[in-house]
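A short write-up of the structure that comes next.
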Ligand SMILES: Cc1cc2nc3c(=O)[nH]c(=O)nc-3n(C[C@H](O)[C@H](O)[C@H](O)COP(=O)(O)OP(=O)(O)OC[C@H]3O[C@@H](n4cnc5c(N)ncnc54)[C@H](O)[C@@H]3O)c2cc1C
């Protein structure tokens, strides 16, 4: 029933074909019963291209006086999810737009690639994080991409996600907002190196981890087939990781654990052919303390990970070429060289911070536009604030989400929740980020914990088994819900007792 209730509510709003203009007369003419709305939905492609048709897009129109004000949140990452968790559904209707309906607990994502954890253990549905999304009449989650934002008219343009399904046509719609929070994250950087998108796998989403696991298991099985030569066997089982930051190092550590325990036991025919190479242009883990870096280098080497200092020049189907001409054949290539602004962030006509992220002030507002805020990896302080752009970290995104939820609730309680209604309001204390330190596992029950606030500062840093215990305990307590905490604990125990699951599902 709630689906029909939601659909009929959406159908109350229609737009004229003139872009960004909300047309109330048209709304009345198209204030159709549910059956009519559903037929609009079914004929979306035909109408989308017909410029004479008066309602090419349906959507959510501006909120009315008797309705709650609407916060539109773009993205279900660390920043957007934490924000939605903290928003007061008694003050706002919350509408979330994202191509995925869950938040990913990224610090544990590398563990899912080799089966230490299962994929579901690191994904938390957004409707569990903020139940109002699925229960309040004016709150929704839309599985869609935001394609543009019209800040003059307080409207977001969206297109549904079809994921290559040929039977589905992308459906365009618009949403009016009272407050807009942009939490679109970032995308992997490739430095324009040819072939990365075609041949490498990134590690940012659950489907990336699934792809890595399937490829790894496929290569293990193919290499055991009769007639496969030694050289091809070595290529198939050569796992290359490009990028020696925490993600690249953690993934390499997980791979080496998988090889040392599970491959040796269950793929004995090919166990001597499988290798991991980690390629980094500079030092690995450059943000960590020198002593921890040296420890990680020694430990990874001891676990069989080959560390190569080099710059990738070209990526081909079966090999990569380094700057010095070295050819590195691979069977699995994982690319993890940091992140930069995504195409949607670059395309938005909003102030930008150094580095091209969406510019924000100390209160996380986008300057010079009304009612727009940006948080997480997609945002950075504008130069005029005199503050540095913060690192692309979950701890930054999460704390910005928490801060902004409290700020928006405060604004709502002070009668500023409606569009263009914030006038000379005291926003209180600005957002201040205090770095709590960094952690990374390196495999073999070892991890690094660096509690210094910055690279130059003094502070506690630990490496070894105790750090690994701290790492696991910290993340177990940080996992979003009790359900997932339970999943993670059970997965760790199962892996410890029975080994990793090697079924290629
Ligand atoms: C493997 C891995 C391990 C990590 N480990 C750590 C760690 O240990 N500690 C740490 O502090 N940080 C870690 N990070 C970094 C951390 O995950 C990011 O900094 C954090 O996810 C940023 O949060 P965000 O909400 O800004 O972006 P994201 O979490 O990337 O979320 C962006 C959201 O926007 C959505 N989106 C994208 N395009 C659109 C669109 N057009 N319309 C609507 N929605 C859109 C995405 O689907 C997603 O839901 C790790 C990252 C990775 C990938």
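Within the stretch 175-183, identify whether any single residue is within 30 Å of residue 396 (Cβ to Cβ), out of contact with any strand residue (DSSP E or B) (no Cβ under 8 Å at 6 or more places or on another chain) and either modelled with pLDDT of 95 or more or surrounded by 22 or more Cβ atoms within 10 Å (Cβ to Cβ) (or both), and answer yes or no.
For the stretch 175-183, residues within 30 Å of residue 396 (Cβ to Cβ), out of contact with any strand residue (DSSP E or B) (no Cβ under 8 Å at 6 or more places or on another chain) and either modelled with pLDDT of 95 or more or surrounded by 22 or more Cβ atoms within 10 Å (Cβ to Cβ) (or both): absent.
Residues that are buried (at least 19 other Cβ atoms within 10 Å of the Cβ): which strands (runs of 3 or more DSSP E) entirely in the stretch 319-399 hold 3 or more of them?
In the stretch 319-399, 332-335, 358-360, 372-374, 379-381 are the strands (runs of 3 or more DSSP E) which contain 3 or more residues that are buried (at least 19 other Cβ atoms within 10 Å of the Cβ).
Would the stretch 422-431 turn up any residue that is outside any loop (DSSP other than H, G, I, E, B) and either within 11 Å of the ligand (Cβ to nearest atom) or under 23 Å from residue 177 (Cα atoms) (or both)? Don't jump to the end; show me each part of the working.
First, pick out the residues of the stretch 422-431 that are outside any loop (DSSP other than H, G, I, E, B): none.
Within the stretch 422-431, none of the residues are outside any loop (DSSP other than H, G, I, E, B) and either within 11 Å of the ligand (Cβ to nearest atom) or under 23 Å from residue 177 (Cα atoms) (or both).
Of the residues that sit in the stretch 385-421 and are within 16 Å of residue 353 (Cα to Cα) and touching a strand residue (DSSP E or B) at 6+ places or on another chain (Cβ under 6 Å), which one is nearest to the ligand (Cβ to nearest atom)?
For the stretch 385-421, the residue satisfying everything is 392.
Residues are listed down the side, and each one gets a yes or a no for (1) under 25 Å from residue 310 (Cα atoms); (2) surrounded by 15 or more Cβ atoms within 10 Å (Cβ to Cβ); (3) more than 29 Å from the chain's Cα centre (by Cα):
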| site | (1), (2), (3) |
| --- | --- |
| 208 | yes, yes, no |
| 213 | no, yes, no |
| 221 | no, no, yes |
| 259 | yes, yes, no |
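State whether one or more residues within the stretch 151-158 are within 12 Å of the ligand (Cβ to nearest atom), modelled with pLDDT of 95 or more and surrounded by fewer than 22 Cβ atoms within 10 Å (Cβ to Cβ). If you could, list the steps in order and put the result at the bottom.
Taking the stretch 151-158 and keeping what is within 12 Å of the ligand (Cβ to nearest atom), we get 156-158.
From what is left, the residues that are modelled with pLDDT of 95 or more are 156-158.
Subsequent filtering for residues that are surrounded by fewer than 22 Cβ atoms within 10 Å (Cβ to Cβ) retains 157.
Yes, there is a match, as at least one residue in the stretch 151-158 is within 12 Å of the ligand (Cβ to nearest atom), modelled with pLDDT of 95 or more and surrounded by fewer than 22 Cβ atoms within 10 Å (Cβ to Cβ).
Mind counting the residues in the stretch 477-505 that are touching a helix residue (DSSP H, G or I) at 6+ places or on another chain (Cβ under 7 Å) and either at pLDDT below 95 or away from the ligand (no atom under 16 Å from the Cβ) (or both)? Even if it seems obvious, please write down each step before you answer.
Initially, the stretch 477-505 is screened for residues touching a helix residue (DSSP H, G or I) at 6+ places or on another chain (Cβ under 7 Å), giving 479-481, 484-485, 487-489, 491, 499-500, 502, 504.
Among the residues that remain, those that are also either at pLDDT below 95 or away from the ligand (no atom under 16 Å from the Cβ) (or both) are: 479-481, 485, 487, 489, 491, 499-500, 502, 504.
Residues in the stretch 477-505 being touching a helix residue (DSSP H, G or I) at 6+ places or on another chain (Cβ under 7 Å) and either at pLDDT below 95 or away from the ligand (no atom under 16 Å from the Cβ) (or both): 11 in total.
Under 19 Å from residue 106 (Cα atoms), under 25 Å from the mean Cα position of the chain (by Cα) and not in a helix (DSSP H, G or I), is that true of residue 480?
yes
Please find, among 382, 315, the residue that is outside the structural domain of residue 276 (by TED's automatic domain parsing), in contact with a strand residue (DSSP E or B) (Cβ under 9 Å, 6 or more places away or on another chain) and away from the ligand (no atom under 12 Å from the Cβ).
Being outside the structural domain of residue 276 (by TED's automatic domain parsing), in contact with a strand residue (DSSP E or B) (Cβ under 9 Å, 6 or more places away or on another chain) and away from the ligand (no atom under 12 Å from the Cβ) holds for just one of 382, 315, which is 382.
Please count how many residues of the stretch 283-299 are without any contact (Cβ under 8 Å) to a residue 60 or more places away in the chain and surrounded by fewer than 21 Cβ atoms within 10 Å (Cβ to Cβ).
7
The values are calculated or read from the model by the stated rules, or taken from the named source; none is laboratory data. Quick caveat, the model's predicted, so the values are computed rather than measured. FYI the Cβ positions are ideal-geometry reconstructions off the backbone, even for glycines, and counts take in every protein chain you see.
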